[in-house]
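The values are calculated or read from the model by the stated rules, or taken from the named source; none is laboratory data. The structure displayed is predicted, hence computed values, not measured ones. Positions of Cβ are generated from backbone atoms using ideal geometry, with glycine treated the same way; all protein chains shown enter the neighbour counts.
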Amino acid sequence: MKAKVWAALLAVYLVWGSTYLMIRFVVETLPPFLSGGLRFVVSGFILLAWRRLAGDAAPTLRQWRSAAVVGILLLLGGNGLVCWAEQTVPSGIAALIIGAVPMFLVIADAIRPNGVRPTLRVLVGLVIGFMGIYLLVGPSVFADGMPLNMPGVAALLLASLLWALGSIYSKTADLPNTALMTTGAEMLAGGFALLLVSALSEQWGVFNLAQVSANSWLALAYLIVFGSMIGFASYAWLLQNTPIPLVATYAYVNPLVAVFLGNWFANEPLTPRILSASAIIIGAIVFMNSARGSRAKPAAERGASE
């Protein structure tokens, strides 16, 4: 189980870190909510068809309802707002602001009925990590011609809150028995919600499909295969089989991956301040993970399905 947990964590850490840059390429020529809807509807259909052919039971009506709640919170509220914000906020900075998720996750998990109360060690790790993230996004980072777009920042903070709420709700919701069937149902529900918002809000009168660049289509394909089918499936499995503080560490690693990729492929800033903060964040992850063994029972004892 330990190897499986680390494999899932690495998928979430690295793959999701790269999705911020891919989203930036996608929304250069594709409307943000449309691109998110296409991504998750395609991924959801593929996962549901695969798992049905593999013999998994179809979701019940109640499970579809739960999957819709989670999918709307995570994918419309979380991912959709990130796509919208990245029209004006650099991909690395967007990832750094989403670093607020662990604070929301741990607090929400602590106050829910029968939730997991964080130890002092976990709280200290969260504070250290948040300090590192604040160092990365402090005002001086943006002093040289890169002011923050406030509506974009507000959208990213709201996305963090909605993602945390969806993650906590999914811990106790009535969902399909396997993580991949659950993921497929959530993607399909969230994807259709994104398409609905796209149809109601995006400027179709000025959109021309012929103007969508090859880079945007390739980035969208990457998001479907790696970001959704691998990254999101790994996240869903981790939520069902590991404690929330451990899952929350992905939001510390993702910014580092996003910042470096943004610098290498999109000329986004990489300064000594960013490197120093990165060291603080990595130290916080190591500090938190060293205490995870006492945070929850083994997955087998909790009736984990995969």
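Can you confirm whether residue 115 is touching an Asp or Glu at 6+ places or on another chain (Cβ under 7 Å), at pLDDT below 80 and not basic (Lys, Arg)? Yes; evaluated as a whole, the condition is true for this residue.
Test residue 74 against the criterion of being closer than 24 Å to residue 162 by Cα and either surrounded by fewer than 24 Cβ atoms within 10 Å (Cβ to Cβ) or over 18 Å from the mean Cα position of the chain (by Cα) (or both), and give yes or no. No; evaluated as a whole, the condition is false for this residue. For region 205-222, the criterion of a residue being in contact (Cβ under 8 Å) with a residue 40 or more places away in the chain, farther than 20 Å from residue 80 by Cα and under 14 Å from the mean Cα position of the chain (by Cα) is satisfied by no position. The helices (runs of 4 or more DSSP H) found entirely in region 179-247 that carry 2 or more residues being touching a helix residue (DSSP H, G or I) at 6+ places or on another chain (Cβ under 7 Å), among the aliphatic types (A, V, I, L, M) and more than 19 Å from residue 11 (Cβ to Cβ) are 179-201.
Listed here are the residues, each with its yes/no results for (1) modelled with pLDDT under 80; (2) surrounded by 22 or more Cβ atoms within 10 Å (Cβ to Cβ); (3) farther than 30 Å from residue 285 by Cα.
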site: 187; (1), (2), (3): no, yes, no
site: 207; (1), (2), (3): yes, no, yes
site: 213; (1), (2), (3): no, no, yes
site: 217; (1), (2), (3): no, no, yes
site: 224; (1), (2), (3): no, no, no
site: 227; (1), (2), (3): no, yes, no
site: 237; (1), (2), (3): no, yes, no
site: 240; (1), (2), (3): yes, no, no
site: 244; (1), (2), (3): yes, yes, no
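Within region 110-127, is there a residue that is touching a helix residue (DSSP H, G or I) at 6+ places or on another chain (Cβ under 6 Å), within 22 Å of residue 231 (Cβ to Cβ) and part of a helix (DSSP H, G or I)? No, that holds for no residue. Condition (residue is under 17 Å from residue 228 (Cβ atoms), assigned to a helix (DSSP H, G or I), polar (S, T, N, Q) and touching a residue at least 12 places away in the same chain (Cβ under 8 Å)) applied to region 41-58: is it met by at least one residue? Yes - at least one qualifying residue is present in region 41-58. Of the numbered criteria (1) surrounded by 22 or more Cβ atoms within 10 Å (Cβ to Cβ); (2) without any contact (Cβ under 8 Å) to a residue 24 or more places away in the chain, the one residue 255 fails is (2). Test residue 28 against the stated conditions and say whether it is crowded, with 24+ Cβ neighbours inside 10 Å and acidic (Asp, Glu). Here the answer is no, as residue 28 does not meet what is asked.
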